[in-house]
Amino acid sequence: MLQPLSSANAVCSLKMISTAPFNARELDARIRALAAEQCWPEVIAAVESVSADAPVSSATAAAAYKAHSAAGNAAAAEEWLDRALQLASDNSTLHRNKGVIHQRRGEWPQATACFEQAVALRPGVAAYRGSLATALFHTARYADAVEQYRAGLAIDPAQRAWWLRLARSLIHLNELNDAADAYAKALSLKDDHPTRSARDELLRQIRSGSRAASSAYYDAVFADSPKYNQ
């Protein structure tokens, strides 16, 4: 049987698992204790001692995912994440984590599907809305991206990066006045030269009725570039 962690060795103490019959409850308790202390190598050793078809809990699978992620074992981490999702398909965090994996690989349609699941399960989490909006932007679904950025910003209006991405999404939809307002929101959170130049150029385009970028805009954007000046 699996030995419980004593108070003396609770921090990252690894006890060898015997050849006794598999006990999912004992494994789960052991993994929870190790995960609470972030003893990831010990978690990996514990889950590697059970067979691939062992009926582990979703908590055990999720902890194994975290452990392998911390160790940089991307393939094993994703396998355990998929296993956790099969066991707990109503866990919004797991769907978001899977979406992040797809996002890092540039697999935006798959990332979108995962983030949509996370939002459907917990629509009030701003971070899920922002992640979904970014994935939608990269699949050229600009109207949907605008909807999600606005929903996320209604929950957490301090996300400056989302205001900037909202502005860019609105520009793709030719909704220039709303885009200028989004730039203004970003500037109210932090005033910087690139954002102010982009906002000023957009206002100039609105006044002139032309979407062609002006030489003044390029001068402003590249003012600090030795290569451009040359």
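The values are calculated or read from the model by the stated rules, or taken from the named source; none is laboratory data. Quick caveat, the model's predicted, so the values are computed rather than measured. Cβ: placed from backbone, ideal geometry, glycine included. Neighbour counts: every protein chain shown. Surface accessibility is based on the protein's heavy atoms, side chains included, excluding ligands, DNA and RNA. Shrake-Rupley method; radii C 1.70, N 1.55, O 1.52, S 1.80 Å.
Multiplying the sequence separation of residue 188 and residue 155 by 0.36 nm and subtracting their Cα-Cα distance, what value in nm do you get? Show your work: numbers first, answer last.
Values: separation 33, 0.36 × 33 = 11.88 nm, distance 1.74 nm.
Length gained between residue 188 and residue 155: 10.1 nm.
Quote to one decimal, in nm, the extra length available between residue 200 and residue 107 on full extension: 0.36 nm per residue of separation minus the C-alpha distance between them.
Working: separation 93, 0.36 × 93 = 33.48 nm, distance 3.41 nm.
Gain on stretching residue 200 to residue 107: 30.1 nm.
Which value in nm describes the separation of the simple spin-label points at residue 172 and residue 79, placed 7 Å from the Cα toward the beta carbon?
Calculated label separation equals 3.6 nm.
Subtract the Cα-Cα distance of residue 25 and residue 38 from 0.36 nm times their separation in residues, and report this length gain in nm to one decimal. Provide the component values of the computation, followed by the final result.
Values: separation 13, 0.36 × 13 = 4.68 nm, distance 1.97 nm.
Full extension from residue 25 to residue 38 adds 2.7 nm.
Per residue, how many Å² of accessible area does segment 89-184 show with a 1.4 Å probe?
Working: 4480 Å² over 96 residues.
Result: 47 Å² of accessible area for each residue.
Does segment 54-134 classify as rounded, prolate or oblate by the C-alpha gyration tensor (a ≥ b ≥ c root eigenvalues; a/c under 1.5 gives rounded; else a/b over b/c gives prolate, otherwise oblate)?
Values: a/c = 2.18, a/b = 1.40, b/c = 1.56.
Judged from the Cα gyration tensor, segment 54-134 comes out oblate (a/c at least 1.5, b/c at or above a/b).
Whenever you get a sec, compute what percent of the accessible area on segment 112-179 sits on carbon and sulfur atoms (1.4 Å probe). Present the calculation step by step, with values, prior to reporting the outcome.
Values: 1510 of 3050 Å².
Reported share for carbon and sulfur atoms: 50 percent.
With an 8 Å Cα cut-off and a minimum separation of 6 or more residues, compute the relative contact order for segment 25-133 in percent. Intermediate results must be reported in sequence, preceding the final value.
On the way: 119 pairs, mean separation 19.1, N = 109.
Worked out over segment 25-133, it gives 18 percent.
Suppose every Lys and Arg Cβ carries +1 and every Asp and Glu Cβ carries -1, with no other charges. What dipole size does segment 139-212 come out with about its Cα centre, to the nearest 20 debye?
Working: 12 positive and 10 negative charges, 34 e Å.
That gives a dipole near 160 debye.
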